[in-house]
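Heads up, the thing below is written out as structure tokens.
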Amino acid sequence: MNKSLSMDGEKFVKGLTWRSGSALVFSIFIIQPIMIYFNLISNATLPLQVWITILLWTEMSRLLGSKLTRGELFILLTFQSMATWYALSFLNPIRNMYNSMSEPAVVLGIYKYIPDWWAPQGDSLREILKSSFVFFHPAWVKILSIMLVSIFLALCMDFILGYFLYTLFVKVERLPFPAAMAQAQTILTLSERPPDRMRALLLSALFGVIYNLVIKFLPFMLGSLLYGGMVAYTFALPVIDLTYLFDYILPGASLSFVTDIIFYISGLLLPLPIAIAQFIGAFAFYFVGTHLITRFNLWPTESQWVTGWDYLRLTERSLLYFYISIAIGLSFAALIMPIALNPKPIIRAFNMMKVPSKEVSEKKFSSVYLLLGAYLIAALSLIFLVWLLTNFLFPLWILIITVIGGSFFATYLATASLGITFTGFPNIPYLREMAIFFSGYDKRDIWFAPFSISTGGISIVQNLLQADICRVRHKEYFTTYILVVVLGLLSSFIFVTLFWYVSPIPSSAYPATITLWPVDALTWSRTQIWIWSGYLFRTNWMLLGFALGSVIYSFSHFILRLPYLLISMITGIFLGIVYSPIGIYIPYSSPIGISFAQLVGSIISSKIFARFLKDRWSVYCPLVVMGIFIGDGFMELLRAIIILIVRSSWLLPY
């Protein structure tokens with residue numbers, strides 16, 4: 001028996017066992033091909049919640065007379081979803097190949113700039129399109145080698161950045177990380193199974209199932225039947241858009257509310273000041289800001305505001321022409337101002353990393369200098385790879401600042417955001433592209449290089465926090481991480497190759513490649529032109545954003561004593577905004593609506609439930625939130641399976 005003790009004297013538990021390992025292998029080699037096929041027929045991601053598989057394995061183990069431990073459940077929580085992250089890794093090179101030869105890329109002249117280390121060219125391309133085994137052509141050796149090397153180097157950077165920011169935000173700053181804590185509490189509930197907490201979790205899950213069944217699932221099914229079949233891949237509850245009411249009173253102002261209760265439920269976990277700050281950020285941008293842009297006639301000539309614009313168009317256009325630049329400035333302020341005004345947390349984090357970790361009794365944890373050296377080696381290796389691909393012509397100092405400093409900058413802000421909000425914000429908008437544009441480098445090859453801003457450390461911070469709660473060694477977590485990455489990439493290679501063997505892509509056997517990939521190719525090509533032109537990077541708006549961010553942070557730090565107010569506001573700005581794989585930020589819902597929903601949820605939690613249930617609410621709240629998400633997610637998965645079955649029937653000969 002392992003008698004090593006954790007920091008509070010409690011024994012560590014084994015996480016990676018034959019049972020948790022079997023579950024991971026199941027996800028990698030059974031679920032991954034399903035996800036690949038679902039993407040090929042729908043151009044969407046299979047909505048498989050990790051909690052569905054966790055509950056499946058938990059109940060199977062109980063029936064066999066051996067409960068899963070909290071360590072095993074932690075491994076499932078952390079790596080079940082990650083096991084499927086890499087499902088599309090080897091589909092992406094095929095999409096790159098498709099985009100490079102698409103009609104929009106040819107018409108806009110983009111194909112002339114695409115290097116052969118990004119997508120096959122000329123005779124090699126024609127040979128690949130006629131081959132049965134897509135990746136067995138020599139043209140792929142350089143392309144896939146660059147992809148795999150960049151993944152490995154970024155992974156090393158993520159590990160080290162993640163561990164440092166874990167020390168900073170978990171050990172020093174002690175941020176709450178509401179989403180991660182809710183997941184960890186659910187794991188403890190499933191492993192220990194106290195009756196009152198299990199009851200709260202299961203009843204909440206039942207509510208989520210019933211809610212989705214009545215409000216989402218049945219309307220989707222009935223609507224599809226009325227139109228003669230499954231005509232849609234997604235179903236979203238309507239957004240109440242009141243923007244039209246302000247067309248003549250406050251032209252350009254946007255106001256809308258979401259009707260999906262899931263957005264309100266997530267607010268139950270948020271502290272009230274954070275929820276208020278999120279709403280202020282969204283409202284200031286998309287109601288006040290867009291009105292001022294319209295009133296002072298700042299819209300560009302090609303996109304003049306007219307009456308009738310809904311919240312989606314206002315959000316999309318304001319992001320494209322104004323708010324991306326302003327958000328970049330705000331983000332710089334959110335990083336620079338805390339370090340300039342209060343550098344002590346950073347210093348304490350470095351000092352803590354110099355002390356041997358108490359989690360390991362047999363071995364001393366690597367020193368901060370060794371970690372720093374490893375980070376620099378990985379980062380400089382990635383920099384050298386990118387520099388090599390540009391024939392050593394791209395400014396080296398830009399690469400160093402962006403890869404090393406930019407990765408820290410982006411991961412720092414995103415982790416801080418996730419530490420105090422439920423969703424966080426996706427990433428600093430177009431940080432990589434901005435660095436390339438302002439470098440003055442006039443060739444196009446750099447735009448296709450694996451010149452990445454590494455932000456994978458965000459999830460590592462959360463996972464290390466959950467490992468502490470579940471008493472799992474950090475070393476075991478990192479070992480499992482590497483194992484899952486290797487197997488996930490191997491599985492993606494095997495199954496994408498098999499799908500191509502069945503029918504070369506694009507193909508009518510995979511409907512999305514015929515109907516939706518051309519649309520994505522057009523958007524991708526247009527996005528390249530926009531980014532290359534530098535229109536997204538307006539220096540005046542970035543400086544305005546930095547000035548506003550500096551003022552807001554100084555006021556919140558010195559007067560309100562709320563140092564994370566600015567990050568919360570930036571998070572609110574990006575609620576309902578997603579970064580598309582084709583390289584553009586697009587709204588899928590209303591930032592004002594989602595932030596308002598989370599504000600309502602926070603008010604209900606802090607002013608009603610906490611008052612009547614007192615200390616019990618802090619125990620039940622994470623379980624209620626996760627339970628409803630689990631129930632809703634189960635029904636979403638069921639709907640996706642039905643779509644998968646219906647679309648697959650197209651291949652039948654009758």
(request) Determine which member of the set 461, 484 is touching a residue at least 40 places away in the same chain (Cβ under 8 Å), among the hydrophobic types (A, V, I, L, M, F, W, C) and more than 19 Å from residue 335 (Cβ to Cβ). (result) 484
(request) Pick out the one residue from 213, 206, 168, 188 that is assigned to a helix (DSSP H, G or I), touching a helix residue (DSSP H, G or I) at 6+ places or on another chain (Cβ under 7 Å) and under 30 Å from residue 386 (Cβ atoms). (result) 168
(request) Tell me which residues, restricted to the range 310-332, are surrounded by 21 or more Cβ atoms within 10 Å (Cβ to Cβ) and without any contact (Cβ under 8 Å) to a residue 60 or more places away in the chain. (result) 318
(request) Can you tell me which residue within the range 207-241, out of those that are among the hydroxyl-bearing types (Ser, Thr, Tyr) and more than 27 Å from the chain's Cα centre (by Cα), is modelled with the highest pLDDT? (result) 224
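Touching a residue at least 24 places away in the same chain (Cβ under 8 Å) and part of a helix (DSSP H, G or I): does that describe residue 556? Walk me through how you get there before you give the answer.
Details: touching a residue at least 24 places away in the same chain (Cβ under 8 Å): no; part of a helix (DSSP H, G or I): yes.
Spelling it out, it is not the case that residue 556 is touching a residue at least 24 places away in the same chain (Cβ under 8 Å) and part of a helix (DSSP H, G or I).
Could you identify the single residue in 152, 79, 135 that is surrounded by fewer than 20 Cβ atoms within 10 Å (Cβ to Cβ) and either farther than 22 Å from residue 488 by Cβ or in contact (Cβ under 8 Å) with a residue 12 or more places away in the chain (or both)?
Details: 152 fails: either farther than 22 Å from residue 488 by Cβ or in contact (Cβ under 8 Å) with a residue 12 or more places away in the chain (or both); 79 fails: surrounded by fewer than 20 Cβ atoms within 10 Å (Cβ to Cβ).
So the residue among 152, 79, 135 that is surrounded by fewer than 20 Cβ atoms within 10 Å (Cβ to Cβ) and either farther than 22 Å from residue 488 by Cβ or in contact (Cβ under 8 Å) with a residue 12 or more places away in the chain (or both) is 135.
Condition first: small (Gly, Ala, Ser) and either touching a Lys or Arg at 6+ places or on another chain (Cβ under 6 Å) or in contact (Cβ under 8 Å) with a residue 12 or more places away in the chain (or both). Now tell me which residues in the range 82-127 satisfy that. Please lay out each step first, then the result.
Within the range 82-127, the subset small (Gly, Ala, Ser) is 83, 87, 89, 100, 102, 105, 109, 119, 122, 124.
Hits for the range 82-127 are 83, 87, 89, 100, 102, 105, 119, 124.
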(message) Testing residue 410 on (1) modelled with pLDDT under 85; (2) buried (at least 21 other Cβ atoms within 10 Å of the Cβ); (3) more than 30 Å from residue 269 (Cα to Cα); (4) not β-branched (Val, Ile, Thr), one condition comes back false. Which one is that?
(response) (3)
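Among the residues of the range 178-209, write down those that are over 22 Å from residue 635 (Cβ atoms) and surrounded by 15 or more Cβ atoms within 10 Å (Cβ to Cβ). Let's see the steps before the verdict.
The initial filter retains those residues of the range 178-209 that are over 22 Å from residue 635 (Cβ atoms), namely 178, 180-181, 184-185, 187-188, 191-197.
Residues satisfying the conditions are 178, 180, 181, 184, 185, 187, 188, 191, 197.
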(request) Looking for whichever is hydroxyl-bearing (Ser, Thr, Tyr) and farther than 27 Å from residue 54 by Cβ here; the options are 618, 606. Which one fits? (result) 606
(message) Cβ contacts < 7 Å: first residue closer than 13 Å to residue 252 by Cα, restricted to the range 298-309; second residue outside any loop (DSSP other than H, G, I, E, B) and of a type in the set (A, V, I, L, M), any location; separation 6+ or different chain. Result?
(response) 299/293
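From the list 469, 453, which residue is β-branched (Val, Ile, Thr), surrounded by 19 or more Cβ atoms within 10 Å (Cβ to Cβ), in contact (Cβ under 8 Å) with a residue 40 or more places away in the chain and in contact with a helix residue (DSSP H, G or I) (Cβ under 6 Å, 6 or more places away or on another chain)?
Numbers: 469 fails: surrounded by 19 or more Cβ atoms within 10 Å (Cβ to Cβ).
Among 469, 453, only 453 is β-branched (Val, Ile, Thr), surrounded by 19 or more Cβ atoms within 10 Å (Cβ to Cβ), in contact (Cβ under 8 Å) with a residue 40 or more places away in the chain and in contact with a helix residue (DSSP H, G or I) (Cβ under 6 Å, 6 or more places away or on another chain).
Go through 429, 450 for me and flag whichever is within 24 Å of residue 85 (Cα to Cα) and touching a strand residue (DSSP E or B) at 6+ places or on another chain (Cβ under 7 Å).
On the way: 450 fails: touching a strand residue (DSSP E or B) at 6+ places or on another chain (Cβ under 7 Å).
Sole residue among the options that is within 24 Å of residue 85 (Cα to Cα) and touching a strand residue (DSSP E or B) at 6+ places or on another chain (Cβ under 7 Å): 429.
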(message) Between a residue in the range 511-522 that is under 13 Å from residue 91 (Cβ atoms) and any residue that is assigned to a helix (DSSP H, G or I) and among the β-branched types (Val, Ile, Thr), which pairs come within a Cβ distance under 7 Å, given they are 6 or more apart or on different chains?
(response) 512/41
(request) May I ask you to verify whether residue 57 is touching an Asp or Glu at 6+ places or on another chain (Cβ under 9 Å), of a type in the set (Phe, Trp, Tyr) and not in a helix (DSSP H, G or I)? (result) no
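Restricting attention to the range 390-398, does a residue exist that is touching an Asp or Glu at 6+ places or on another chain (Cβ under 7 Å) and modelled with pLDDT of 75 or more? Reasoning before the result, please.
In the first step, residues of the range 390-398 are kept if they are touching an Asp or Glu at 6+ places or on another chain (Cβ under 7 Å); the result is 390.
From the residues that got through so far, the ones that are modelled with pLDDT of 75 or more too are 390.
Within the range 390-398 (the criterion being touching an Asp or Glu at 6+ places or on another chain (Cβ under 7 Å) and modelled with pLDDT of 75 or more), the answer is yes, since at least one residue qualifies.
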(request) Would you confirm whether any residue within the range 540-547 is farther than 29 Å from residue 448 by Cβ, surrounded by 15 or more Cβ atoms within 10 Å (Cβ to Cβ) and not hydrophobic (A, V, I, L, M, F, W, C)? (result) no
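The values are calculated or read from the model by the stated rules, or taken from the named source; none is laboratory data. Just so it is clear, the model here is predicted, and its values are computed rather than measured. Positions of Cβ are generated from backbone atoms using ideal geometry, with glycine treated the same way; all protein chains shown enter the neighbour counts.
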